[in-house]
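*Asks:* A single structure is presented below for examination.
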Amino acid sequence: MLRVVRVPVKDVDRFIEYLRARGYEVEEGPHTVLVDQSEVVSVKIEREGVLQGYAVIHFITPYYRVELRGLQDDKEYLRALLEVKYSEEKWRIPVDDVAVVALSEELIEALGGYSDEYPVADGESLVDEYHRRNPQYQNTVKLLVARLLDELA
């Protein structure tokens with residue numbers, strides 16, 4: 001059994017905690033920062049050593065706020081990035097539904113009960129701005145899921 005499920009997620013870390021609280025082992029795999037300063041990670045989901053599925057998550061972090069400032073000076077830009085790095089603010093907000101390639105009905109059922117809120121007050125406006133600036137954002141997850149499905153075949 002293999003099924004791709006789209007899960008509306010507003011807080012990556014809560015989503016991972018949710019899965020772990022239900023007995024799943026969650027391992028974050030390959031991760032990359034894209035040119036638009038969003039990020040992508042694949043997540044392996046197992047239970048008792050048995051593969052249950054993979055999740056593909058496309059998200060923004062506090063670093064995206066630096067991108068929105070439109071700084072032209074390299075020193076200012078680097079300084080702003082370092083301020084974020086050493087700040088207390090740590091969150092990851094998906095810019096698209098999380099795509100889960102589920103290999104078990106049990107995982108699909110667990111995902112059906114998930115809901116959360118943005119980890120920061122301006123989370124929704126940050127996602128809206130990302131969508132406005134990157135109208136093709138949905139292609140990122142689609143392409144990665146297609147690649148993952150090809151590898152599982």
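Coordinate-derived values only; no laboratory data. Here the structure is a predicted model, which is why all the values come from computation and not from measurement. Please note: Cβ atoms are built from the backbone with ideal geometry, for glycine as well, and neighbour counts cover all protein chains shown.
*Asks:* Would you please put 72-83, 132-143 in order of how densely packed they are, using the mean number of other Cβ atoms within 10 angstrom per residue and starting with the highest?
*Replies:* Ranked by mean Cβ neighbours within 10 Å, highest first: 132-143, 72-83.
*Asks:* What is the packing order of peptides 35-44, 10-19, taking the mean over residues of other C-beta atoms within 10 Å and listing the highest first?
*Replies:* 10-19, 35-44
*Asks:* On to the next question. Reachable lysines from K75, Cα under 24 Å, same-chain residues fewer than 8 places away excluded?
*Replies:* K85, K90
*Asks:* Here's a follow-up. Under 14 Å from the Cβ of E28, count the other residues' Cβ atoms, weight Lys and Arg +1, Asp and Glu -1, and hand me the total.
*Replies:* -3
*Asks:* For segment 16-27, just list the computed ³J(HN,Hα) in residue order, Karplus coefficients 6.51, -1.76 and 1.60, θ = phi - 60°, integers in Hz, with x standing in for Gly and Pro.
*Replies:* Per-residue couplings from phi come out as 5, 4, 4, 5, 5, 5, 9, x, 8, 8, 10, 10 Hz.
*Asks:* Which of the listed residues, N134, A80, H58, is farthest toward the dipole's positive end in the chain, when Lys, Arg count +1 and Asp, Glu count -1 at the beta-carbon?
*Replies:* The one lying farthest along the dipole's positive direction is N134.
*Asks:* To continue, here is another question. Using unit Cβ charges (K, R positive; D, E negative) and no other charged atoms, how large, in debye to the nearest 20, is the dipole of segment 5-45 about its Cα centre?
*Replies:* Dipole magnitude for segment 5-45 comes out near 240 debye.
*Asks:* Treat every Asp and Glu Cβ in segment 60-153 as -1 and every Lys and Arg Cβ as +1, leave all other atoms uncharged, and give the resulting dipole magnitude about the Cα centre to the nearest 20 debye.
*Replies:* In debye, rounded to 20, segment 60-153 gives about 480.
*Asks:* For A55, what is the net charge nearby, where nearby means another residue's Cβ is under 11 Å from its Cβ and Lys, Arg count +1, Asp, Glu -1?
*Replies:* For residues surrounding A55, the net value is -1.
*Asks:* Under 37 °C and 0.692 mPa s, how fast does the chain diffuse according to Stokes-Einstein, given a Kirkwood radius computed over C-alpha pairs? Answer in µm²/s, whole number.
*Replies:* Result for D is 200 µm²/s.
*Asks:* Continuing with the same structure: Can you find, among Y24, L103, L148, the residue sitting farthest towards the positive end of the charge dipole of the chain, where Lys and Arg contribute +1 and Asp and Glu -1 at Cβ?
*Replies:* L148
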